[in-house]
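Since the structure comes first, as structure tokens, the remarks are kept for the end.
The values are calculated or read from the model by the stated rules, or taken from the named source; none is laboratory data. All values derive from a computational prediction rather than experimental measurement. Cβ: placed from backbone, ideal geometry, glycine included. Neighbour counts: every protein chain shown.
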Amino acid sequence: MTADLGSVLAHGVGARGDLPLPFYLFGIGAAVALMATFISLSFFWHRAWLPGAATGRSFGTTAGRALDVMAIPARLASLAVFVLALASSVSGAAVGSQRFGPLTVYVALWVGMAMVSAVFGDVWRVLNPFETIAAAIEWTAGKLGLPQLDDTDEIPGGYWPAAVALFWFLLFELCYHEGTTNEAVGGAMIAYTVGMVGGSAVYGRRWLRQADGFGVLFSLLAKMAPIYRDSIGAIRLRPPLSGLTTVAPRIDLLAVLLVVLGGTTFDSLAGSTLWPDLVGTHRGWTATGINTAGMIIVMAIMAFLYYLGSLAVGWFTEQSATEVARRFAHSLVPIVLGYTVAHYFSLLVLDGGQNFLRLLSNPFDRGSNWFGTADWAVNFFLVSTDAIAWVQFLAIVLGHIAAVLVAHDRAVETSDASEATWTQRPMLLVMVFYSVVGLWLLQKA
């Protein structure tokens, strides 16, 4: 990696290919770890344990009220960063090293918030600037005596708008040939804001809960977190992964996960040495078209493999493939997180994340130093390449192990452990393929 921000935001920049061991050892290790977990569960995990554990232990509403007080400055700070990112992108200032808008979207939001959500819960619900804007509009409408919108019913289309929003974002980030320029990112931020705020004006804030692709994805990742708030606002602590059992078995939520999984896989492919060998080197709209076709094909392959696994499991259990796919969709959430950490970890902790903090003091590239970070230099030795490689390996393997565990827990709800293990074999093969291919693409970066 270099310190140039253009390379920071290029596709595949989060990957490191210099593994400390030969790839075949990593691949074999991943396959063996998954199969060992799969077999062990049949001996030691005989009943569904996660649903009962998902309630967790309450720490009362006092901590929740304290968080509500802290949420106000947090909302304002998040909104301020959003406005700064948008303003810096459309300000017309000389580009130079100024890429605060793209770094905010591609690093702080897309990567950082995903990882934060998986550990600390659905914090995006508080930090979401569109939520803050929608709340301000509702408050103003109430003061003016305007009728309040119903915020309880589901919007038309379920979560499909979120899947479409994420597909559009990935298309823009990974395929559009000018997707990392200030002007393009500024235009995309305006378009997305109009879509979110406009939808909220029609459907209320329920639109954000179902149409904001980032919000839907982060809320799914938050189900893995050991911390959450219940319906009365109390803070509760629960075993990690147990919250995934509360994910509704829906095809539209499955689509959200498959879009992200396919997009991240394509990002690995596009950033590898294989992609130029497959399609050649192209620029401009030709590159956009080829990348778009490639991303759609990769997404289709990932979805088709999951469908084949569901079809085979359904054949063993006398269920339809659609029913199986819905029922086990929540098991893809740890895989999505694993791919995200593996692919973007170095981007977050090295040049991308450090440059975001540096440019936070100087978002308009005019010599300001608001928070004393403008003169920070990127420390490329903060994490060694060996450490990055091990994080990548462990993220992918542990993500798939968690998926196997969650799927087994769901399977033993209706079958005994040995039967559940037998019927889940096709899905294990899919998990092994996902993990080995993911590691292989990272090694080719």
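Within the stretch 157-171, residues that are touching a residue at least 60 places away in the same chain (Cβ under 8 Å) and among the small types (Gly, Ala, Ser) sit with their Cβ atoms under 6 Å from residues that are surrounded by 17 or more Cβ atoms within 10 Å (Cβ to Cβ) and in a helix (DSSP H, G or I), at 6+ positions apart or across chains, in these pairs: Gly158/Asp252; Ala162/Ala211; Ala162/Gly213; Ala162/Val216; Ala162/Val256; Ala163/Ala255; Ala163/Val256; Ala163/Val259.
The residues on offer are Gly215, Gly187, Gly233, Gly195, and the sole one that is surrounded by fewer than 19 Cβ atoms within 10 Å (Cβ to Cβ), closer than 16 Å to Leu166 by Cα and of a type outside the set (A, V, I, L, M, F, W, C) is Gly195.
Counting only residues that are assigned to a loop (DSSP other than H, G, I, E, B) and closer than 25 Å to Lys223 by Cα, the stretch 388-445 holds 5 of them. When the residues of the stretch 313-343 are filtered to those that are buried (at least 24 other Cβ atoms within 10 Å of the Cβ) and of a type in the set (Gly, Ala, Ser), which remaining residue is farthest from Pro426 (Cα to Cα)? Out of the qualifying residues, it is Ala342. Show the residue pairs that are 6+ apart or on different chains and have beta-carbon atoms under 7 Å apart, the first residue being within the stretch 295-318 and over 14 Å from Val260 (Cβ atoms), the second being among the β-branched types (Val, Ile, Thr) and part of a helix (DSSP H, G or I). Short answer, once both residue conditions are applied: Leu305/Val430; Gly309/Val430; Ser310/Val324; Val313/Val324; Val313/Thr423; Gly314/Val324; Phe316/Thr423; Thr317/Thr423.
Considering the stretch 100-165, the qualifying helices (runs of 4 or more DSSP H), each wholly inside and each with 1 or more residues that are modelled with pLDDT under 90, run over 100-103, 129-143.
Any residue in the stretch 251-275 that's among the acidic types (Asp, Glu): show its pairings with residues that are assigned to a helix (DSSP H, G or I) at Cβ separation under 6 Å, as long as the two are six or more apart or on different chains. Partner pairs satisfying both residue conditions: Asp252/Trp160; Asp267/Leu174. Residues in the stretch 362-385: is at least one part of a helix (DSSP H, G or I), touching a residue at least 24 places away in the same chain (Cβ under 8 Å), under 26 Å from Thr265 (Cα atoms) and not β-branched (Val, Ile, Thr)? No, the stretch 362-385 has no match at all. Look at (1) surrounded by 18 or more Cβ atoms within 10 Å (Cβ to Cβ); (2) of a type outside the set (Phe, Trp, Tyr); (3) touching a Phe, Trp or Tyr at 6+ places or on another chain (Cβ under 9 Å) and you find that Met115 fails only one, number (1).
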